[in-house]
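A short reminder: the numbers here are calculations on the coordinates, not readings from a lab. What you see is a predicted model; the values in this text were computed from it and never measured. Cβ coordinates were reconstructed from backbone atoms using ideal geometry, including for glycine residues, and neighbour counts include every protein chain displayed.
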Amino acid sequence: MLGSIGMPELIVIFLIALVIFGPRKLPELGRSLGKSIAEFKRASNELRSTLEEEIRLEERKPAPSTAVPPAPVTAPAEASLGSAQSGQSGQSGQSAQGQGDPSSVGRAADHHTA
C-alpha cells in the first residue's frame, strides 16, 4: 500500500505533522488514527466472513427445480381398469398393449354394441 512512498517521504510527512499539531497532540492523533484503521480492518474482515458464510449456505441449498415433477405412477390402476373393461365387454383376446390405452377401451365398447 505504501510501496510508492519511501522513507524520505515519510520523514517529511512526519515533520510537517509535528509542526502543525505539535509534540503533545501528535501521539494522540497517532493513537486515534491507529484505532480507526484497526476498526476499519475488523469491520471489513467481519463483512468478508459474513459474505463467505452466506455463499456457503447458498451452495448447500438445493437449487429450486424448474423441471416438471414426475407424474404419479398410475400403471397398476390402468391395468386393473383395462382388465375390468375387457371383462365387461366380453373380449378376452384383447392385447396387453391395448389394455392401458383409453382409446382402445372405447373401441372395445364399440365392438360390443355393434
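The table for this structure:
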| read-out | value |
| --- | --- |
| Gain upon complete extension [Ala43, Ile16; 0.36 nm per residue less C-alpha separation] | 6.7 nm |
| Student exercise, the stretch 1-59 dipole from Lys, Arg, Asp, Glu Cβ charges, in Debye to nearest 20 | 580 |
| Karplus-derived 3J(HN,Hα), 6.51/-1.76/1.60, for each residue of the stretch 9-25, Hz, glycine and proline x | 5, 5, 5, 5, 4, 4, 5, 5, 5, 5, 5, 5, 9, x, x, 7, 7 |
| Rounded, prolate or oblate (a/c below 1.5 giving rounded, otherwise prolate when a/b exceeds b/c) for the stretch 1-59 by Cα gyration tensor | oblate |
